[in-house]
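Here is the structure we will look at, set down as structure tokens.
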Amino acid sequence: MWINAILEYWLSSPWPIAIVIATAVHLTIYLVGAGTGTLLTTKLWPRFNIGRTLDPTPPRAGQLREEFRAGLVTCLIFGIVTLLYRPLCHGVWPGSWGQGLFQLLAFSVFNNLYTYSTHRLLHSRALIRYHRVHHRSVRLTPWSGYSVHPVEALIIGATLPVFMLFVPIGIGAAFFLHDLGMLYTTCIHCNYELMPSWPARHWLKRLIDDPAFHRVHHTQGNVNYGFPSRVLDRVFRTNKE
Ligand SMILES: [Zn+2]
Ligand SMILES: [Zn+2]
């Protein structure tokens, strides 16, 4: 398969080339994800009366340029941190569907713990200066998700390498999980509620962080830290619907 050939080449390529390739992959996901998100949430869905905009005020002057610039730096940092996958990975893909499912479940649990705890630490007095860049976006846009300080980008980029210290996964799975996370982060910053009202009341919806839930974090600051799930916010009583 061509994708396996690229991944195997990436594993054995000199490190500057590996950084360029990894950065290009993350940048493509960032640009396509946020670009598509912008098109859908500002043009297509409103035109056909699908869903609703959460905050109808326009972004502040210069916000989009600021977010875009920070997003490019974040993708470069992700590209550099991705080098850590090389000594930590085991093969390319999981050996079986069962193994893949186990890795996905293990990562889901780890990811929720990692994001909740690092996000709360970033709100501490010692680290808040590294998180203020992200909170400059109060009226969110799909570009807000990766508008972060380089230190925060390092912490986010380290999610998979830290996980790989505990659970061995293939290089393809590592790229897949990181870039899936990038798309999800773009979604929760898109300032758009897509769900009709009946699934919005469904118990499953109340467990998963969505754009409305994450928006409350950006407007109030000290609630709704968790993603992708709201479980830890419920456990530690930091959730606000
Ligand atoms: Zn955010
Ligand atoms: Zn925050």
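Things to note:
- With at most 10 neighbouring Cβ atoms within 10 Å, loop chymotrypsin sites (Phe, Trp or Tyr not before Pro) (DSSP) excluded, longest segment of the chain: 49-202
- Estimated inter-spin distance, Val216 and Phe166, nm [label 7 Å along Cα→Cβ]: 2.7 nm
- In a DSSP loop and with at most 15 other Cβ atoms within 10 Å, the trypsin sites (Lys or Arg not before Pro) in the stretch 89-138 are Arg125, Arg136.
- Using just its DSSP H runs of length 4 or more, each adding -39500 (n - 2.57), the chain gives a mean residue ellipticity at 222 nm of -18000 deg cm²/dmol after division by all residues.
- As a fraction of the 1.4 Å probe accessible area of the stretch 2-195, surface on carbon and sulfur atoms comes out at 72 percent.
- Tail fraction, Cα-Cα pairs, the stretch 1-74, threshold 22 Å, whole percent: 46 percent
- Taking all pairs of distinct alpha-carbon atoms in the chain, Kirkwood radius in angstrom: 18.7 Å
- Within-9-Å neighbourhood charge of Ala212 [Cβ basis; K, R +1; D, E -1]: -2
- When you restrict to C-alpha pairs under 8 Å that are six or more residues apart and normalise by the size of the chain, the relative contact order lands at 26 percent.
- Sum of side-chain charges, Arg120 neighbourhood, beta-carbon under 15 Å (Lys, Arg +1; Asp, Glu -1): +2
- Coarse-grained scattering of the stretch 111-166 at q = 0.21, 0.24, 0.25 Å⁻¹, given as base-10 log I(q)/I(0) from a Debye sum over alpha-carbon atoms: -0.84, -1.02, -1.07
- Built amide H within the under 5 Å cut-off of Ile208, gap 5+: Arg230
- Area of Thr23 that stays accessible when all protein chains are in place (1.4 Å probe, Å², to 10): 20 Å²
- Calculated FRET efficiency for the pair Ala126/Leu183, C-beta based, R₀ 41 Å, to 0.05: 0.85
- Compactness of the stretch 78-176 is given as radius of gyration and Dmax, 15.2, 45 Å, from Cα positions.
The values are calculated or read from the model by the stated rules, or taken from the named source; none is laboratory data. As the structure is a prediction and not an experimental result, all values here were calculated from the model. So basically every Cβ, Gly included, is an ideal-geometry build from the backbone, and we count neighbours across all protein chains shown. Note: accessible area is taken over every heavy atom of the protein model, side chains too, but ligands, DNA and RNA are not part of it. Shrake-Rupley method; radii C 1.70, N 1.55, O 1.52, S 1.80 Å.
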